[in-house]
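Written below as structure tokens is the structure these notes are about.
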Amino acid sequence: MSSPLLRIDGLAKRFPEFELKSVSFGLPAGLLMGLIGPNGAGKTTLLKAILGLVKPDAGMITFQGRDLAREGAALRARIAYVSDEPKFMPGVRLRTLKEVHASFFPAWDEARWKSLMADFGLDPQNKSDTLSLGQRTRFALTLALSRDAELLVLDEPTTGLDPAFRRELLARLAATLDDRRAILFSTHITSDLEVRADLVTLLRDGEVVFSHSQDALRDSWGVVKGGLDLLETDGSNGFQGLRTNAHGFEGLTDDVESARRRYEGRALVERASLEDILVLLGRRRPEGKPHAA
Amino acid sequence: MLLELLRRDLRLHWGSLVVPILILGMGLGAVVMADEGTRLTGLILETSFLIPMLPVIIHQRESAKGTLGDLLVLPVSRAAVVRLRYAEVLFFTGGLLLLAHAAVWVELSVAARHPIPMSVMSRDQFLGVGVLLIFWFAYPMPLFLGWGMKGLVVGYGSLITLVVTLAMTETDLHRFIDASMARPVAMALVLAGLFTLSYLLSLKFFSRRDF
Amino acid sequence: MANLLELRNLSKSHGAFNLRDVDLAVPAGTITGLIGANGAGKSTLLKLVLGLLPLDGGEIRLFGEDARLGGARLRQRIGFVQESPTLFPLLRVDELGEVVAPFYPRWDRATYRRICDAFELPRKTAFARLSQGSRMKAALALALSHEAELLLLDEPTSGLDPLMRRDLLDLLLEVIQDEGRAVLFSTHITSDLERVADHVAILKAGRLVLAGAKDDLLESWALVRGGEELLEGPLKDRCRGGERTELGLTLLCEGAGSLASLLPDGALQERPSLEDLVYFHDRGKESLCAR
């Protein structure tokens with residue numbers, strides 16, 4: 001893999017109620033990366049830092065090897081962003097909003113925009129304040145996808161959208177990827193990522209838990225499901241996360257192979273879905289526990 | 001880039017600029033109707049509130065409607081956005097003065113009473129416009145850009161307090177103003193300096209803000 | 001098992017769209033998931049049940065009685081949580097309970113307090129200052145505290161993070177442990193349904209296109225992948241939708257149990273996910289499985 005299109009290095013940002021602590025990962029061109037994590041893990045702050053909306057306290061973000069803090073304005077011509085709650089000036093027609101937006105991007109592709117608008121069921125004559133949240137997101141996506149951007153940064157673009165549309169959108173996004181483009185995509189709907197994402201980065205409590213390919217995740221993470229009695233005899237040692245209810249326990253391990261050997265015949269050991277990992281890891285790292293892989 | 005940004009503002013915000021511009025239009029009517037000696041006084045008074053308010057109204061709408069983020073993720077720097085606000089105030093002021101002149105020129109030529117002068121404003125009136133621009137725009141703007149609505153309230157609030165206090169304590173403001181006006185070049189330089197200082201502070205405060 | 005809710009031939013024209021001939025039953029002790037595209041009629045359906053909109057045709061039976069005759073008396077026994085609940089934004093969580101209590105004779109103050117604590121809701125915080133997930137929890141606590149037997153939830157998990165979603169779903173599972181209760185909820189997140197729903201109803205453009213026990217549905221449908229030859233044989237009669245991509249054809253077929261003999265060589269049969277069912281049903285029917 002050549003040097004990544006987007007590289008985040010030791011990014012830190014402290015807010016009164018929350019902190020991003022030395023976040024580092026890379027996103028190579030040609031790939032779609034899913035960014036997941038509980039609310040308050042720092043996903044939106046991280047994405048905003050890439051766009052220069054949030055000024056980091058420390059660390060560096062480079063895009064195509066150039067420092068975004070210093071050359072952000074020029075580089076943003078090639079980075080498109082859809083926020084988690086896109087807002088548009090009320091009372092303005094979508095067509096006008098598009099014209100204003102397009103005037104900043106020489107590579108604007110009008111034909112593509114028109115076909116996206118038709119595909120997404122949007123009327124350019126409509127005014128921005130008549131749109132629902134789902135429609136605002138769709139409109140923001142038409143703008144982001146029509147300017148030949150090399151990095152797409154999408155903050156929960158699928159919230160409130162129905163499964164059929166989400167699937168089409170992801171297929172469409174994946175189809176835009178080539179050897180100079182990448183997509184960074186945060187979501188709560190992890191099943192969306194399982195089909196299309198090449199890489200998954202999990203943020204928790206302001207830290208990167210992992211940033212891996214889906215294959216690597218599948219090979220290492222697992223869920224152990226068993227009765228509460230087993231938990232009592234074996235203890236919860238070695239689990240990265242644990243949830244119990246009246247019927248039994250679910251424990252998360254980052255070494256599924258040795259868990260299989262250890263619990264053979266005594267508990268069910270399955271591969272962990274992204275949702276399993278997220279839910280079982282919980283919102284914060286337990287005191288004194290080391291980082292996961 | 002500045003031109004594109006300006007065009008963006010005019011297209012997205014013209015709706016909320018209509019009322020202030022109508023008021024200015026009525027002001028122009030008053031200019032034409034008034035006596036020669038006082039014809040621009042009312043207009044300048046208007047300028048003091050309306051013109052500096054236009055960029056503030058625009059910026060305030062952007063942040064209230066949540067679209068400031070949209071503006072900042074465009075391939076423009078924070079500095080360009082600050083530059084835009086300062087260019088806007090000059091653009092609107094210049095436009096107004098030009099319109100005022102045009103109105104007077106038209107009126108004079110229709111009446112055919114006078115030889116038509118190049119400038120219908122006195123030097124003092126020009127300086128007056130500059131002073132008002134400093135007070136109502138250059139002073140509050142860095143606070144507004146740096147701290148949002150809170151900054152704006154502090155900026156205008158302190159300004160109004162200052163004006164009221166000066167009026168109540170009967171400070172000998174007139175003598176100070178007359179003395180200043182007697183040195184027009186120095187005065188103009190001081191105004192330009194203050195405007196630049198305001199711009200630099202805005203740049204500093206706006207650049208380090210998180211959105 | 002008694003049906004807490006029954007819809008018979010329900011129809012309603014509402015603006016540009018029609019809900020037509022909807023038949024649905026929600027038995028006690030079960031969770032039913034309602035799924036469909038934006039604008040398919042999920043919210044309208046829930047509003048009809050609540051009597052917020054008048055019916056054009058058909059019948060709604062709540063707890064075995066005609067909803068029109070039972071009216072407010074029956075609605076006492078329903079708990080409704082709307083999408084992004086607003087309630088009274090300035091009231092604190094504990095005050096909300098006091099405001100709502102007089103409307104429900106069966107209101108139980110202690111239950112409300114207990115559920116709020118179990119949800120870790122800050123009781124002294126104004127509703128508007130709660131996070132999205134906590135607002136949903138507060139609305140749910142209200143619904144559960146008047147001992148509602150039928151819970152109607154409009155996209156309760158939308159916008160929540162997976163942890164909060166899991167908490168909420170576990171809670172719904174807990175609710176129906178009491179065999180007299182049932183839950184009907186709409187969602188866009190099919191994995192939520194796979195986790196908790198006993199029954200699934202899929203709405204498309206105002207019609208209920210598929211409904212039934214989740215496991216039955218998943219077992220009776222199949223995804224078939226292969227080349228163009230799929231469309232040449234008898235398989236075509238079983239096809240109810242599909243998609244053509246550069247990799248070949250994917251068809252959604254009925255009668256999964258008896259498909260094997262109809263498959264051409266090299267074709268693959270798979271069990272669909274709920275999302276596949278929603279996505280492929282009726283898709284590209286004209287072009288792929290015409291006649």
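Of the residues making up segment A:112-140, those that are polar (S, T, N, Q) and more than 12 Å from every other protein chain (Cβ to nearest Cβ) are A:SER115, A:GLN125, A:ASN126, A:THR130. Scanning segment A:161-194 for residues that are part of a helix (DSSP H, G or I), polar (S, T, N, Q) and within 12 Å of another protein chain (Cβ to nearest Cβ) gives A:THR190, A:SER191. Within segment A:149-189, the residues that satisfy the criterion of being farther than 21 Å from A:ILE8 by Cβ and of a type in the set (Ser, Thr, Tyr) are A:THR158, A:THR159, A:THR176. Please work out which one of (1) in contact (Cβ under 8 Å) with a residue 40 or more places away in the chain; (2) within 12 Å of another protein chain (Cβ to nearest Cβ); (3) open to solvent by 10 Å² or more (accessible area, probe 1.4 Å); (4) not hydrophobic (A, V, I, L, M, F, W, C) is the condition C:GLU179 fails and give its number. Only one criterion is unmet by C:GLU179, namely (2). The set of residues from segment C:160-176 being buried (at least 21 other Cβ atoms within 10 Å of the Cβ) and touching a residue at least 60 places away in the same chain (Cβ under 8 Å) comprises just one member, C:LEU172.
Check segment A:272-293 and report whether any residue there is modelled with pLDDT of 85 or more and assigned to a strand (DSSP E or B). Even if it seems obvious, please write down each step before you answer.
The first filter runs over segment A:272-293 and keeps only residues modelled with pLDDT of 85 or more, leaving A:272-281.
Next, only the ones that are assigned to a strand (DSSP E or B) stay: none.
Among the residues of segment A:272-293, not one is modelled with pLDDT of 85 or more and assigned to a strand (DSSP E or B), which makes the answer no.
Of all positions in segment C:14-21, at least one carries a residue that is within 14 Å of chain A (Cβ to nearest Cβ), in contact (Cβ under 8 Å) with a residue 12 or more places away in the chain and surrounded by fewer than 16 Cβ atoms within 10 Å (Cβ to Cβ). When the residues of segment C:195-227 are filtered to those that are assigned to a helix (DSSP H, G or I), open to solvent by 20 Å² or more (accessible area, probe 1.4 Å) and modelled with pLDDT of 90 or more, the one that is nearest to C:GLY241 (Cα to Cα) is C:SER220.
The condition (being crowded, with 17+ Cβ neighbours inside 10 Å and at pLDDT 85 or above) is satisfied by just one residue among B:LEU71, B:LEU97, B:LEU90, B:LEU108: B:LEU71. The single condition among (1) touching a helix residue (DSSP H, G or I) at 6+ places or on another chain (Cβ under 8 Å); (2) aliphatic (A, V, I, L, M); (3) open to solvent by less than 50 Å² (accessible area, probe 1.4 Å) that C:LEU48 does not satisfy is (1).
Considering the conditions (1) among the small types (Gly, Ala, Ser); (2) more than 9 Å from chain C (Cβ to nearest Cβ); (3) under 16 Å from A:GLN214 (Cα atoms), A:ALA149 is excluded by exactly one of them, (3).
Could you tell me whether C:ARG283 is within 24 Å of the chain's Cα centre (by Cα), open to solvent by 60 Å² or more (accessible area, probe 1.4 Å) and more than 10 Å from chain A (Cβ to nearest Cβ)? No, not satisfied. One residue stands out in segment A:87-111 among those that are more than 8 Å from every other protein chain (Cβ to nearest Cβ) and farther than 18 Å from A:GLN125 by Cβ: the one that is most open to solvent (accessible area, probe 1.4 Å), namely A:PRO106.
Checked across segment A:58-71, the condition of being more than 8 Å from chain B (Cβ to nearest Cβ), in contact (Cβ under 8 Å) with a residue 12 or more places away in the chain, surrounded by fewer than 19 Cβ atoms within 10 Å (Cβ to Cβ) and in a loop (DSSP other than H, G, I, E, B) holds for at least one residue. The number of residues in segment C:120-149 being open to solvent by less than 30 Å² (accessible area, probe 1.4 Å) and touching a strand residue (DSSP E or B) at 6+ places or on another chain (Cβ under 8 Å) comes to 10.
The values are calculated or read from the model by the stated rules, or taken from the named source; none is laboratory data. Source: prediction; values computed, not measured. Cβ coordinates were reconstructed from backbone atoms using ideal geometry, including for glycine residues, and neighbour counts include every protein chain displayed. Remember, those area values only see protein heavy atoms, side chains included, never the ligands or the DNA or RNA. Shrake-Rupley method; radii C 1.70, N 1.55, O 1.52, S 1.80 Å.
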